[in-house]
Amino acid sequence: MTQNEFMFLKCRISMVFLLLFIYIFLPLRYKKSTTVIILVLSFIISGVVEYFQFIILIKNKYSLIATILSIIIVQGTNLLLSYYRDFRALFIGITAVAYILVGNIVSLIIWIYNPNYFYTLIIQSAINILLLIFTILFLKKRYHFELENHKNGWLSLCLIPSLFYTTVYSLVVWPGDIKNTPKNSLAIIFSLSITIVSYIILGKLFYQQRKNDILERNNEFLETYSSSLRREIELTRTAEEKYAILRHDIRHTNNLIISYLKANQIDQIYKLLDEVNHTLDETKPKIYCENVVLNSIISSSILKAKENQIDFNITVDVPKNLDKINEFELATVLSNLLENAINATIKLPIHESKIWLKLYPIKNQLLLDISNTFNGNCKISPITGLPISKNGAGHGYGLRSVKAYAKKWDAVFEYSIEANTIFKVKILTVM
């Protein structure tokens, strides 16, 4: 094996792991079969470029041009496959290059001091495999969470792998050449170490951000609970005011009844009693279920639906106490789902605006089933598998909080779209 053939094989191995990294970490736009075809084509095209670079031309002046072509092929493939065609995709693409550079450079340094082609390729592959396993186990979920929840700030983060790649390239390839200046090996190793540590720190920062998001969600639970209590207190206060007015008017009503009796106007008495009964019904708060918090959320949602002329169908039977279910979190889930349903139907024509709520026990589980009509326009996130909010950053946490609730309490959570006009969410929680 010649040295040029060896370098060609090293680049081919690096490309395999680079494309694998992109496939694993990138939120994909296309289905798996299409993605694999694009990755294979990218591997073949980049292979042709590298074959000319190392086997046919064999001249240093073409090295930089070939490198630029390889970068264009890799980043072009990355942007083509990415669901997010912005700086989030660019960050993953540059990170993929930085990832394979570690194994490539370390094995090259080892080869300089021990020029065994076979062992060098084995070491390169081993380093890439270990790094890939490490990133999958400790960083993948954190990065995916950030990709889904934070759109801004990724351009600044792109500086980390970009500066790393530029620094190492200048020490190893051009204008320096590691084969002619092996004393640069220590500086290169330090650069590699700093970059790895930077990504670990970045992962910890992402983890801390996620903890902050959890705290924010817990605050949302408390806010939903307190809001429900405030609404219940307000309903009670309003009912008491109506009762006070009714008590004040009762003497006047009695006098009217006596007057009608003396005048033998029985029909007027019936009419007056009907008005009193109607007033009594209005003073009584509507009770949809025995649980105070859930009843308050349902009541306020029905009131908002009526204000917007939305047809709201309800079947609810919830016990007063939910021993095995966290009332805070269930209330937040119910509030989020009903808010989503109202926001979706409020944009439709009145005759198409419909919401169905079912909330009752089934054996030892509590069923929450909410369906609503919508305009049929729904995009699904490739990371969470949930619909994406059209309201921009800071929105769209409703279903994610539902998914988090289901995972935490081992509940069954599923959603479906029927005839592209009805959106359904179903949750089964053990009681």
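The values are calculated or read from the model by the stated rules, or taken from the named source; none is laboratory data. Treat the numbers as computed from the prediction; the structure is a model and nothing was measured. Cβ placement follows ideal geometry from the backbone for every residue including glycine, while neighbour counts extend to all protein chains displayed.
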Failed item in (1) without any contact (Cβ under 8 Å) to a residue 24 or more places away in the chain; (2) among the charged types (D, E, K, R); (3) under 14 Å from CYS11 (Cα atoms), with LYS31 passing the rest: (3)
Test: residue in region 48-62 that is without any contact (Cβ under 8 Å) to a residue 60 or more places away in the chain, in a helix (DSSP H, G or I), loosely packed, with under 15 Cβ neighbours inside 10 Å and of a type in the set (Asp, Glu): no
Candidates VAL16, VAL36 - the one that is under 41 Å from the mean Cα position of the chain (by Cα), assigned by TED's automatic domain parsing to the domain that holds ARG88 and loosely packed, with under 14 Cβ neighbours inside 10 Å: VAL36
Candidates ILE233, ILE214, ILE201 - the one that is at pLDDT 75 or above and either not polar (S, T, N, Q) or not assigned by TED's automatic domain parsing to the domain that holds ILE109 (or both): ILE201
Check on ASP369, in contact with a Cys (Cβ under 7 Å, 6 or more places away or on another chain) and either of a type outside the set (A, V, I, L, M, F, W, C) or farther than 26 Å from ALA411 by Cα (or both): no
Hey, PHE118 free of Cβ contacts under 8 Å to residues at least 60 places away in the same chain and touching a Phe, Trp or Tyr at 6+ places or on another chain (Cβ under 7 Å) or not: no
Any hit, region 325-344, residues being in contact (Cβ under 8 Å) with a residue 60 or more places away in the chain, of a type in the set (Asp, Glu) and surrounded by 15 or more Cβ atoms within 10 Å (Cβ to Cβ): yes
Qualifying residue in region 289-300 (condition: in contact with a Pro (Cβ under 7 Å, 6 or more places away or on another chain), within 30 Å of ASN149 (Cα to Cα) and either hydroxyl-bearing (Ser, Thr, Tyr) or at pLDDT below 85 (or both)): no
Some residue of region 176-190 being more than 17 Å from VAL106 (Cβ to Cβ), part of a helix (DSSP H, G or I) and assigned by TED's automatic domain parsing to the domain that holds ALA66: no
